[in-house]
Amino acid sequence: MTEPHAPNAVRDVYIVDAVRTPVGKYGGALAGVRPDDLAAHVVRALVDRTPELDPARIDDVYFGDANGAGEDNRNVARMAVLLSGLPVGVPGVTVNRLCGSGLEAVIQAARAVAHGDAEVAVAGGVESMSRAPYVLRKPDRAFPAGHQEMFSSTLGWRMVNPRMAPEWTVPLGEGAELIADKHGITREQQDVFALASHQKAVRAWAAGDYDAEVVPVPVADLTRDETVRENSSLEALSRLKPAFRSAGGTVTAGNSSPLNDGAAALLLVSEEGLRATGREPLARVRASAVTGIEPQLFGLGPVEAVRRALERAGRGFGDLAVCELNEAFAAQALGCLAQWPDLDPTVVNPRGGAIAIGHPLGASGARLAGAVAHQLAAQGSGTGLAALCIGVGQGLAMVLER
């Protein structure tokens, strides 16, 4: 018998580039574009921006997708490879950690590079919530005479297992209300947070902060994020009715992320892969962590995940130059921030968050990781963090450095 090979040492992983589409609103400018085409577009755009890299050197393509029930079926990562014109020898795999799927794809790609299973990888995510289909469960017996129930696959629970504890399967918005109850977060605090998200996004677009990462979709008339509101105000937000609790509710459409369409992709490489690109990296992957929490409190999932990721990176909240925290709901984001007292609030979502930009589920984590990498590159150095809450009770975080 031969001696087993010693495991490879963990290698540095670099993010060379990151792109994303403008985020479209539900039924908006990207609603006519299939999700596999959105995915293919960002993959092609990413590769075209590094002309020295032979696309045949891409070892794998990882894509997050939270739905997978419609045109994103049959492994949308592989569909993106084929539709983008990459060599057919480039494989692809689709991962699903719901809202964290895009970041999970980045983490899995980074892990493959770190352990020598890849030198060059593409990671990203896609979601078309506009095009998510209605689904019909197969009947228990053949030829049923009665009507059958149809489910929307756009968002949230469907076909719930009756063995699930009822408190675990509350609507996502009710979960945000529970967090508001738990932490005493008022309607006004949520609306102020939501308004700030729009204002920061407006400023970022006006300043050209997104020029380096956003790649418009040629077949759609959309050059910037479609749900950013330049004329938002506290007065307008305060007039909106609670969306989930008719009596005493605080969570509204205005202080929640909308339904969206979009895609994002990143190029991750080893030292050898970096030489093949001929480029300077945006950032280096430092650490990641995933944790679980009671499903109805899913919004607080990032609290422990972020702590663990920072600990693994040997960093603290005071070291962060930028923190991209997904804003599924203002109540959820505020609940997390309240448990990180050492985090400087001015570094959180400085270019706006998902309440303004949008939350195309499978793409959001990749968007956040790309946003952190671009901001670290713009600053020249520092430590950055990307984190998301995840439906059914999880949290996911990644630490980057430059």
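The values are calculated or read from the model by the stated rules, or taken from the named source; none is laboratory data. The structure presented is a predicted model; accordingly, all values stated were derived computationally and were not measured. As a convention, Cβ positions derive from the backbone with ideal geometry for all residues, glycine included, and neighbour counts pool all protein chains shown. Note: areas computed on protein heavy atoms with side chains; ligands, DNA, RNA excluded. Shrake-Rupley method; radii C 1.70, N 1.55, O 1.52, S 1.80 Å.
Return the single residue from CYS99, CYS336, CYS389 with maximal mean-square fluctuation; model: Gaussian network over the chain, springs between Cα atoms under 10 Å.
Result: CYS336 has the largest fluctuation of those listed.
If you find the alpha carbon centre of the range 285-360 and of the range 12-85, how far apart are they in angstrom?
Centre-to-centre distance over Cα atoms comes out at 25 Å.
Once phi is turned into ³J(HN,Hα) by the Karplus curve 6.51 cos²θ - 1.76 cosθ + 1.60 with θ = phi - 60°, what whole-Hz value does each residue of the range 128-136 show in order, with x for glycine and proline?
10, 6, 5, 9, 4, x, 7, 10, 10
Step through the residues of the range 239-244 one at a time and calculate ³J(HN,Hα) from phi using the Karplus curve (6.51 cos²θ - 1.76 cosθ + 1.60, θ = phi - 60°), rounding each to whole Hz and writing x for Gly and Pro.
The phi angles translate into 7, 6, 7, x, 8, 10 Hz.
On each of the three principal axes of the Cα atoms of the range 241-349, give max minus min coordinate, whole Å, ordered largest first.
That works out to 60, 33, 28 Å along the principal axes.
Can you tell me the accessible area per residue over the chain, all protein chains present, probe 1.4 angstrom, in square angstrom?
Per-residue value: 42 Å².
Exactly which trypsin sites (Lys or Arg not before Pro) in the range 39-147 are in a DSSP loop and have at most 12 other Cβ atoms within 10 Å?
Passing both the DSSP loop test and the Cβ count: ARG74, ARG137, ARG141.
How much of the pair distance distribution for the range 104-221 lies past 22 Å, counting alpha-carbon pairs only, in percent?
70 percent
Mean shadow of the range 270-315, computed from the convex hull of its alpha carbons, in nm²?
Convex hull of Cα atoms, orientation-averaged projection: 4.6 nm².
Each label point is 7 Å from the Cα along the Cα-to-Cβ direction; what then is the distance between the points at MET159 and LYS241, in nm?
Taking the two extended label points, one gets 3.3 nm.
How large is Rg over Rh for the chain, taking Rg from the Cα atoms and Rh as the Kirkwood inverse mean of 1/r across Cα pairs?
So for the chain, dividing Rg by the Kirkwood Rh gives 0.97.
Relative to the present Cα-Cα distance, how much length would full extension add between GLU294 and VAL135 at 0.36 nm per residue of separation?
My answer for the length gained is 54.5 nm.
Less than 18 Å from a label point 7 Å out along the Cα-to-Cβ axis of ASP221: which backbone N atoms in the range 8-30 qualify, by residue?
22-30
Does a label point 7 Å from the Cα of GLN199, set along Cα-to-beta-carbon, have any residues of the range 231-267 with amide nitrogen under 14 Å, and which are they?
231-237, by backbone N distance to the label point.
Return the whole-Å distance between the Cα centroid of the range 106-179 and the Cα centroid of the range 223-246.
26 Å
Please report the carbon-and-sulfur percent of the accessible area for the chain; probe 1.4 Å, protein heavy atoms only, DNA, RNA and ligands left out.
51 percent
Of all alpha-carbon pairs in the range 52-126, indicate the percentage at a distance above 20 angstrom.
26 percent
Obtain the nm distance between the two label points defined at LYS182 and GLN379 by a simple spin-label model: each point lies 7 Å from its Cα along the Cα-to-C-beta direction.
2.8 nm
Quick check on the chain: helices-only [θ] at 222 nm, where DSSP H runs of length 4 and up contribute -39,500 (n - 2.57) each and the sum goes over total residues. Nearest 500, please.
-9500 deg cm²/dmol
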